[in-house]
Amino acid sequence: KQSRKILSKSFFKMTDELNLKDAWRERNTKNRQYTLYSNRHLSWSRIDMKWMSTELTTNILEIDIEAGIQTDHNPMTIKWKGQRKRSRWTLNNTILKEKDFTQKMEKELDFFF
């Protein structure tokens, strides 16, 4: 009987095709940390994995396996690099209450239409 289970060939074929990496393992090549404790088998295993594209893994600041409290699973946390979002332009509504602005806009709209 084999005590250690391995992932199927089809799974690894899919990860290759989609360019997916186990983000925790990529950063922790020599560490041994586990995400599940089995009381029945009295053993630890790392069944929880974070598979993502190589492009996404470059945005990770930290990825950790934390201590599980009142559960048999240890949670995993990922801290992402902050990315500046392009904000959408919005009209400053307060200018609509300014008489000078509304008069100018009415004049411009009359000219245009």
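Looking for something in a helix (DSSP H, G or I) and at pLDDT below 85 - is there at least one such residue anywhere in the stretch 86-104? Checked against the condition, which is being in a helix (DSSP H, G or I) and at pLDDT below 85, the stretch 86-104 yields no hits at all. Can you pull out the residues in the stretch 53-111 that are aromatic (Phe, Trp, Tyr) and either exposed (fewer than 11 other Cβ atoms within 10 Å of the Cβ) or within 35 Å of the chain's Cα centre (by Cα) (or both)? TRP80, TRP89, PHE111 - these are the residues of the stretch 53-111 that are aromatic (Phe, Trp, Tyr) and either exposed (fewer than 11 other Cβ atoms within 10 Å of the Cβ) or within 35 Å of the chain's Cα centre (by Cα) (or both). Do we have any residue at all in the stretch 52-65 that's assigned to a helix (DSSP H, G or I), touching a helix residue (DSSP H, G or I) at 6+ places or on another chain (Cβ under 7 Å) and of a type outside the set (Val, Ile, Thr)? No, every residue in the stretch 52-65 fails to be assigned to a helix (DSSP H, G or I), touching a helix residue (DSSP H, G or I) at 6+ places or on another chain (Cβ under 7 Å) and of a type outside the set (Val, Ile, Thr). For the stretch 28-49, indicate whether the set of residues that are surrounded by fewer than 10 Cβ atoms within 10 Å (Cβ to Cβ), in a loop (DSSP other than H, G, I, E, B) and either modelled with pLDDT of 80 or more or touching a Ser or Thr at 6+ places or on another chain (Cβ under 7 Å) (or both) is non-empty. No, that holds for no residue.
The values are calculated or read from the model by the stated rules, or taken from the named source; none is laboratory data. None of the values given here were measured: they were computed from a predicted structure. Note: ideal-geometry Cβ built from the backbone for every residue, glycine included; neighbour counts use all protein chains shown.
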